[in-house]
Amino acid sequence: MLITIPDILTTEEVTQARAVLDAAEWVDGKVTAGYQAQAVKENLQLPEGHPAAVKLDEMVLAALARSPQFMSASLPLKVFPPMFNRYTGGGHFGTHVDTAIRALVSTGQRIRTDVSATLFLTQPDQYDGGELIVEDTYGLHNVKLPAGYMVLYPATSLHRVTPVTRGARVSSFFWIQSMIRTDGDRTLLYDLDTAIQRLAKETPGSPIGVQLTGVYHNLLRRWAEM
Ligand code: NI
């Protein structure tokens with residue numbers, strides 16, 4: 001399942017984040033790439049634990065916590081601290097799959113990457129190229145979103161970022177270890193939750209809604225890993 005979530009960050013938060021990021025010193029993005037990804041990665045990143053990144057992490061994590069759609073779609077157990085990257089001057093990231101297990105530099109804690117997230121921090125008309133292309137069995141998904149919007153996609157997918165040929169593309173990217181390991185099961189729960197929310201709106205107080213909510217929670221109870 002690939003979903004886009006609008007307005008994760010407010011316009012003010014995007015402006016604030018960009019002010020911090022535009023003043024930061026960036027390093028070669030190869031530092032966090034695995035062996036295969038290193039060969040195809042040409043971008044800049046803030047190092048993990050960089051003071052600017054730590055400051056913005058709180059903002060992004062608070063924004064995620066207030067998004068019911070993020071919660072429903074990813075069913076997070078752990079969120080890897082958001083990282084930040086910048087593509088400019090032809091910068092790109094060739095086709096790769098994200099590392100399955102990542103360890104935090106600070107604590108060594110391991111996180112399994114089930115869901116990949118990109119939160120866009122540049123308006124699409126500010127740069128050319130820089131599209132995130134995600135492959136799945138239905139074909140290619142081409143993603144370029146307004147600043148403050150986020151895309152979630154299965155970390156199992158092959159994906160790439162096309163060269164940025166004008167301007168700069170600044171984003172936050174991170175991973176989620178979900179309570180539900182496989183994309184198919186997560187998608188099923190998301191669809192069920194979405195249907196329950198619609199029913200609650202269209203037929204408030206319906207006993208069918210109560211019954212379906214029970215099914216949702218009982219599936220979650222059966223499948224969740226903590
Ligand atoms: Ni990636």
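Listed residues ALA224, ALA168, ALA200; which is surrounded by 13 or more Cβ atoms within 10 Å (Cβ to Cβ), closer than 30 Å to TRP26 by Cα and not charged (D, E, K, R)?
Values: ALA224 fails: closer than 30 Å to TRP26 by Cα; ALA200 fails: closer than 30 Å to TRP26 by Cα.
Of ALA224, ALA168, ALA200, the one residue that is surrounded by 13 or more Cβ atoms within 10 Å (Cβ to Cβ), closer than 30 Å to TRP26 by Cα and not charged (D, E, K, R) is ALA168.
Residue check: is PRO124 more than 16 Å from the ligand (Cβ to nearest atom) and either among the aromatic types (Phe, Trp, Tyr) or more than 25 Å from THR15 (Cβ to Cβ) (or both)? Full working, then the answer.
Working: more than 16 Å from the ligand (Cβ to nearest atom): yes; either among the aromatic types (Phe, Trp, Tyr) or more than 25 Å from THR15 (Cβ to Cβ) (or both): no.
When the stated conditions are applied, PRO124 does not pass them.
From the list TYR190, TYR216, which one is touching an Asp or Glu at 6+ places or on another chain (Cβ under 8 Å) and not assigned by TED's automatic domain parsing to the domain that holds ILE8? Steps first, please.
Working: TYR190 fails: touching an Asp or Glu at 6+ places or on another chain (Cβ under 8 Å).
The conditions single out TYR216.
Here are some residues: PHE70, PHE93, PHE84. Which one is under 24 Å from ILE196 (Cβ atoms) and buried (at least 17 other Cβ atoms within 10 Å of the Cβ)? If you could, list the steps in order and put the result at the bottom.
Values: PHE93 fails: under 24 Å from ILE196 (Cβ atoms); PHE84 fails: under 24 Å from ILE196 (Cβ atoms).
After applying the criteria, what remains is PHE70.
Would you pick out the residues in segment 123-152 that are part of a loop (DSSP other than H, G, I, E, B), without any contact (Cβ under 8 Å) to a residue 60 or more places away in the chain, surrounded by 15 or more Cβ atoms within 10 Å (Cβ to Cβ) and at negative phi?
Selection gives TYR127, GLU131, LYS144.
Go through segment 79-111 and report how many residues are away from the ligand (no atom under 15 Å from the Cβ), part of a strand (DSSP E or B) and out of contact with any helix residue (DSSP H, G or I) (no Cβ under 9 Å at 6 or more places or on another chain).
3
Could you list, in sequence order, all residues of segment 25-46 that are farther than 16 Å from GLY94 by Cα and in contact (Cβ under 8 Å) with a residue 60 or more places away in the chain?
Of everything in segment 25-46, just one residue is farther than 16 Å from GLY94 by Cα and in contact (Cβ under 8 Å) with a residue 60 or more places away in the chain, namely TRP26.
Starting from residues that are polar (S, T, N, Q), part of a helix (DSSP H, G or I) and within 21 Å of ALA168 (Cα to Cα), keep the ones in segment 24-58 and report whichever is farthest from the ligand (Cβ to nearest atom). Don't jump to the end; show me each part of the working.
Keep residues of segment 24-58 that are polar (S, T, N, Q), which gives 32, 36, 38, 43, 45.
So of that shortlist, the ones also part of a helix (DSSP H, G or I) come out as 32, 36, 38.
Those still in the list that are within 21 Å of ALA168 (Cα to Cα) too: 32, 38.
Details: THR32: 10, GLN38: 12 Å.
Result: GLN38.
Among the residues of segment 139-173, write down those that are touching a Pro at 6+ places or on another chain (Cβ under 8 Å) and within 12 Å of the ligand (Cβ to nearest atom).
Here is the first cut: in segment 139-173, the residues touching a Pro at 6+ places or on another chain (Cβ under 8 Å) are 144-146, 148-149, 172-173.
Correct list: PHE173 only.
Could you tell me how many of the residues in segment 174-188 are surrounded by 21 or more Cβ atoms within 10 Å (Cβ to Cβ), more than 16 Å from the ligand (Cβ to nearest atom) and among the aliphatic types (A, V, I, L, M)?
Going through segment 174-188 one residue at a time, the tally reaches 1.
The values are calculated or read from the model by the stated rules, or taken from the named source; none is laboratory data. All values derive from a computational prediction rather than experimental measurement. Here the Cβ is made from the backbone with ideal geometry for all residues, glycine too, and neighbour counts use every protein chain on show.
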